[in-house]
1. What distance in nm separates the two pseudo spin-label positions at A:Glu287 and B:Lys217, each 7 Å out from Cα along the beta-carbon direction?
2. Ignoring ligands, DNA and RNA, what percent of the accessible area of region B:9-85 is carbon or sulfur (1.4 Å)?
3. Anything losing 30 Å² or more of accessible area from the isolated chain to the full protein assembly: pick those residues out of region B:183-220, probe 1.4 Å, ligands and DNA/RNA ignored.
4. Sort A:Trp45, B:Trp168 by heavy-atom solvent-accessible area, probe 1.4 angstrom, most to least.
5. For chain B, max minus min Cα coordinate along each principal axis, in Å, sorted largest first?
6. Using a probe radius of 1.4 Å on heavy atoms only, what accessible surface per residue do you get for region B:133-220? Whole Å² is fine.
7. Taking a quarter of the surface of the Cα convex hull of region B:164-209, what do you get in nm²?
8. Rounding to the nearest 20 debye, state how big the charge dipole of region B:1-148 is about its Cα centre with +1 on each Lys and Arg Cβ and -1 on each Asp and Glu Cβ.
Amino acid sequence: MATVSSRPARQLAMVFDLNKCLGCQSCSIACKTLWTDAPGMESMWWNIVNTMPGGGTPKNVFSHGGGYKNGEPVPGTFPPLREFGEAWGFDHEATFSSGGKAAFHPLERDGSSPEWGPNWDEDMGGGQYPNSYFFYLQQICANCSKPACLEACPRTALYRREEDGIILIDEERCHGYRFCAEACPYKRIYFNPGRAVAQKCIACYPRLEAGVAPACVRQCPGRVRHVDYMDNREGHPYKLVHEWKVALPLRPDFGTEPNVFYVPPLAPPAFNEAGEFDETKPRIPDEYLREMFGPGVEKALETIQVEREKAARGEPSELIDILIARDWNDLLGPFTTNPAELDRPPRVS
Amino acid sequence: MTAGTLTSVTAERLGEASPQLLAPAGTPWEKVSETTVSLAPTPLDAQPSAYVRTSWAGRPHGALANVGLSAVVAGDALYVRLRWAAPEPRQAITDNDTYADACAVLFPLDGKSAELATMGDEQSPVQAWHWRAGTALPFVITATGLGTVSRVPNHPVSVGAAWDSGSWSVVFKRGLGEQGVPLAAGASVPLGIAVWSGSNSERAGIKAHTPAWITLKLPK
């Protein structure tokens, strides 16, 4: 019988700083090359970065149900592959032999033009010039404390590791029913059609066990990602989430208590008609940020603003020091081992 | 054909084992009688997942009313054929949100008794031969209750399946003396049936099934 999951002894947590992401997708590629390059996984992006406001991945990512409302499961859907974006092909031959006349654009497997894909809304954003804005939103499996995926599976094919709270899918037990994918409100579970099993981000647990930070964290050139156990009171996640309260869950209204947190985007004020900053009007609408990050977002942004100004005046700010991460290893918590120095690369055994 | 509540079906003796018997429309089956077995939706409140109970509330499932059952012992093997109407077949999983048609026959693991409604329990497990459209090999599963299904590796069950003119025909074959549920000539074994309609996204416990065991009598 599926049971409501209990809390693990320790919980791994991550904080992503949306003010630093360059949208370079180094994290996505690091994950892709490490974990999802096998047949049947072509379309999987366990880590993906999308331009927001935007449709996300899959299309209209937060509108497919799942999660909980008043403690009860919310029915969800699992969007078709085309709404995630298939692994596109390119007709190189036609392009090279046409004397430059054939367009070089991606094709779906059936030869049609794509209608959606990862980060489809690249740099479109929201607002009207000169008050247009956008930010990049990174998503992986958030290893939720109230995991709708795990609790939806009638076969208990998903389980949570006691040592770090990472949720994994036992592919021997998975029968490909996909209730988990429907129930995940963040749509971070994929389906491998060849093997008829669900697959998702594994938080790079074989790397963690070897003391190496997850690939998406370690490969980020923007020093966006912080990782540690949440019970380490000196760790960045604890300090940013619980002490400074500047790192917030994504869409907390989904009720799954995710363990990936976001430092919300701090945009400059809006321009008025005279082309001057109007300090009373935010560039990114408060309502949108509240929807994305919950009611704590305005206070979080105010705290960041205050601490930035302190740092700009040359005064010490623990918060800004953490967010800048001058020493790269500080981002990695206890997972500072260089994978190149291991005898063998960490893989799934 | 037999209508109404069915309690027993007798497998027919049909000479030697033949590869043609694994072809559901194979010539040998033309001589074999078929019994109509009534199916019913599985009870939603017994589903072992609050998500499944909530997401299927008010949504019909298990609408297939009946399935044709034929059984043959040929040589030293049992062949069980299921036939049912599938005007909108789902012959494979083609996308994230598509589900393949499927069927299964269920037995008490000891060949004698087990609770069908719960799919067995710790003391009396059940075993099923499970076919899913688009796969060449069947699964054999054992269970000790709802949500406890696990697959048996290296099992001796084989399957043949075909969809034609609006109907699926699926034949399961297992040697009488092979590993699994005891199947002895002259004995009887309780049998249950389940069918999943892929066009209605049915999978797991969301299916049409026989609410009670049928006795399958094996010829001497």
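1. Rounded to a tenth, the inter-label distance reads 7.4 nm.
2. Accessible surface attributable to carbon and sulfur in region B:9-85 totals 55 percent.
3. Buried-area filter returns B:Arg203, B:Ala204.
4. Sorted descending by solvent-accessible area, the residues read A:Trp45, B:Trp168.
5. Sorted from largest, the Cα extents of chain B read 50, 43, 37 Å.
6. Normalised by residue count, the accessible surface of region B:133-220 is 38 Å².
7. If you wrap the Cα atoms of region B:164-209 in a convex hull and average its projections, you get 5.0 nm².
8. Dipole magnitude for region B:1-148 comes out near 200 debye.
The values are calculated or read from the model by the stated rules, or taken from the named source; none is laboratory data. Being a predicted model, the structure only gives us computed values, none of them experimental. Don't worry about glycine lacking a Cβ; one is built from the backbone with ideal geometry, like all the others, and counts go over all protein chains shown. Just the protein is used for accessible areas: all its heavy atoms, side chains included, with ligands, DNA and RNA removed. Shrake-Rupley method; radii C 1.70, N 1.55, O 1.52, S 1.80 Å.
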